[in-house]
Ligand SMILES: [Zn+2]
């Protein structure tokens, strides 16, 4: 029989409820790498054959996830994509390892890559994590980002394509190397004013080819899409994960509604909020640059757009482009705080974007404390449905369980 662990005296936030979901007293039984039983009110087990871990009223919730991750950005990253891409591969691998460990210790057990700076960063990190050499979350690995000739990203450390044939070849090549989510740039980004967010790159034929080729390899396509026209194009061509979606006109919302069951939107709200609120000023993001980026308007539009997506029943997944110095690695759950204080989600709804909405996107039984699901759990002191910001506090994190094993134990709390 596989190893059994009983998490006793917990407040269980199952992640299966509605917007008003709260934790309830109970026990959780793990068997091997799965959740065997969730007993609200408590479970009777044979203690001779079961390891019992008393968590003294701490909250047990699903491990968190982030759908927009660059583990290639080192802990001290400042803008220099090309510099990191050209840096010594040995040093870089250690930098990546420090980031995967930071994710895990921050309560994150699942991440979806949003593009790397050295081609195999995600693929290699996943291999090292999965065989136990390296602490880190489950990874859906991305590869080098893909730009269109002349579009945003051309000239940087990207794969650059001009037509559907070339794009299909890049998708096939990346998938053969182990990549499972491609990241395509199909819109501009106001932060680089010569490539405004409303710009559209690539076309329906190219995206449909990319979706088809990824599908053949058991992979999927994600896009950087800030303007309405790019979002609508991604939705109608079968793109699975749409990052940003800062502007949403009726066309874009209708196209998303038509794909409600197999499309996910990942906003990246905290990044925008932080730039607009001057948090990036020490790194050169002056008030003049913020003005030129149009980010003020974009932030307002994204908040309205998220409310609209919520009403339309489009699944949103938390993901935040973390790793800039003003959105430092380790502060990932700030994204959830913004969903609460800017958009008006309840804390439970915000947590759902990082848990149960994310599992199906990754094709995994994760994100719920539920019988049969993978045992990926976060144990924190306090109730995050009362105060979402406590998910950002290292001193409240007791432990992280991944694949049925204690993958992180807070040394300050358990000497
Ligand atoms: Zn990104």
What number of residues within region 325-348 are in a helix (DSSP H, G or I) and in contact with a helix residue (DSSP H, G or I) (Cβ under 7 Å, 6 or more places away or on another chain)? 10
Which numbered condition residue 202 misses (of (1) out of contact with any helix residue (DSSP H, G or I) (no Cβ under 7 Å at 6 or more places or on another chain); (2) in a loop (DSSP other than H, G, I, E, B); (3) more than 16 Å from the ligand (Cβ to nearest atom); (4) within 20 Å of residue 298 (Cα to Cα)): (4)
Residue under question is residue 248, and the condition is that it be away from the ligand (no atom under 16 Å from the Cβ), out of contact with any strand residue (DSSP E or B) (no Cβ under 6 Å at 6 or more places or on another chain), at pLDDT 95 or above and outside any loop (DSSP other than H, G, I, E, B); does it hold? no
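Restricting attention to region 232-241, and to residues there that are more than 16 Å from the ligand (Cβ to nearest atom) and in contact (Cβ under 8 Å) with a residue 40 or more places away in the chain, which single residue is surrounded by the most Cβ atoms within 10 Å (Cβ to Cβ)?
Taking region 232-241 and keeping what is more than 16 Å from the ligand (Cβ to nearest atom), we get 232-233, 235-238, 240.
Applying the additional criterion that residues be in contact (Cβ under 8 Å) with a residue 40 or more places away in the chain yields 233, 240.
Working: 233: 27, 240: 19.
It comes out as 233.
Identify all residues within region 297-319 that are within 16 Å of residue 341 (Cα to Cα) and within 16 Å of the ligand (Cβ to nearest atom); write none if there are none. Outline the logic, then answer.
Pass one, region 297-319, residues within 16 Å of residue 341 (Cα to Cα): 299-307, 310, 318.
If the condition is that a residue be within 16 Å of residue 341 (Cα to Cα) and within 16 Å of the ligand (Cβ to nearest atom), then 302, 318 are the ones that fit.
Residues to consider are 136, 143; find the one that is buried (at least 19 other Cβ atoms within 10 Å of the Cβ) and within 16 Å of the ligand (Cβ to nearest atom).
Details: 136 fails: within 16 Å of the ligand (Cβ to nearest atom).
After applying the criteria, what remains is 143.
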Picked from region 68-109 (must be within 16 Å of the ligand (Cβ to nearest atom) and assigned to a helix (DSSP H, G or I)), the residue surrounded by the most Cβ atoms within 10 Å (Cβ to Cβ) is 103
Name every residue in region 122-133 that is surrounded by fewer than 22 Cβ atoms within 10 Å (Cβ to Cβ) and in contact with a strand residue (DSSP E or B) (Cβ under 6 Å, 6 or more places away or on another chain), in order of residue number. none
Within region 111-121, is even one residue in the same structural domain as residue 71 (by TED's automatic domain parsing), assigned to a loop (DSSP other than H, G, I, E, B), in contact with a strand residue (DSSP E or B) (Cβ under 7 Å, 6 or more places away or on another chain) and surrounded by 24 or more Cβ atoms within 10 Å (Cβ to Cβ)? yes
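If you check 331, 353, 366, which single one turns out to be under 15 Å from the mean Cα position of the chain (by Cα) and within 16 Å of the ligand (Cβ to nearest atom)?
From the options 331, 353, 366, the qualifying one is 331.
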Test for residue 187: is it over 19 Å from residue 112 (Cα atoms), in contact with a helix residue (DSSP H, G or I) (Cβ under 7 Å, 6 or more places away or on another chain) and within 16 Å of the ligand (Cβ to nearest atom): yes
May I ask you to list the residues in region 29-81 that are at pLDDT below 95 and assigned by TED's automatic domain parsing to the domain that holds residue 266? 76, 77, 78, 79, 80, 81
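Okay, residues lined up against (1) surrounded by fewer than 14 Cβ atoms within 10 Å (Cβ to Cβ); (2) modelled with pLDDT under 95:
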{"site": "215", "(1), (2)": "no, no"}
{"site": "230", "(1), (2)": "no, no"}
{"site": "243", "(1), (2)": "no, no"}
{"site": "277", "(1), (2)": "yes, no"}
{"site": "294", "(1), (2)": "no, yes"}
With the condition kept exactly as written, say whether any residue in region 361-379 is outside any loop (DSSP other than H, G, I, E, B), touching a residue at least 12 places away in the same chain (Cβ under 8 Å) and surrounded by fewer than 18 Cβ atoms within 10 Å (Cβ to Cβ). no
Given (1) under 21 Å from the mean Cα position of the chain (by Cα); (2) outside any helix (DSSP H, G or I); (3) more than 16 Å from the ligand (Cβ to nearest atom), index of the condition residue 222 fails: (3)
Taking the options 152, 167, 182, name whichever one is within 16 Å of the ligand (Cβ to nearest atom), more than 20 Å from residue 293 (Cβ to Cβ) and in contact with a strand residue (DSSP E or B) (Cβ under 8 Å, 6 or more places away or on another chain). 182
Are there any pairs, at least 6 apart or on different chains, whose C-beta atoms fall under 8 Å, with the first in region 255-275 and assigned by TED's automatic domain parsing to the domain that holds residue 287 and at pLDDT 95 or above and the second assigned to a helix (DSSP H, G or I) and within 13 Å of the ligand (Cβ to nearest atom), and if so, which? 268/335; 269/335; 270/335
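Just for region 264-273: of the residues that are within 14 Å of the ligand (Cβ to nearest atom) and touching a strand residue (DSSP E or B) at 6+ places or on another chain (Cβ under 9 Å), which one is farthest from residue 361 (Cα to Cα)? Reasoning before the result, please.
Residues of region 264-273 within 14 Å of the ligand (Cβ to nearest atom): 266-272.
Then drop every residue that is not touching a strand residue (DSSP E or B) at 6+ places or on another chain (Cβ under 9 Å), which leaves 266-268, 270-272.
On the way: 266: 11, 267: 15, 268: 17, 270: 21, 271: 22, 272: 24 Å.
Looking at residues that are within 14 Å of the ligand (Cβ to nearest atom) and touching a strand residue (DSSP E or B) at 6+ places or on another chain (Cβ under 9 Å), I get 272.
The values are calculated or read from the model by the stated rules, or taken from the named source; none is laboratory data. The model shown is predicted, which means the values in this text are computed figures rather than measured ones. Here Cβ is always computed from backbone atoms with ideal geometry, including for glycine, and neighbour counts include all displayed protein chains.
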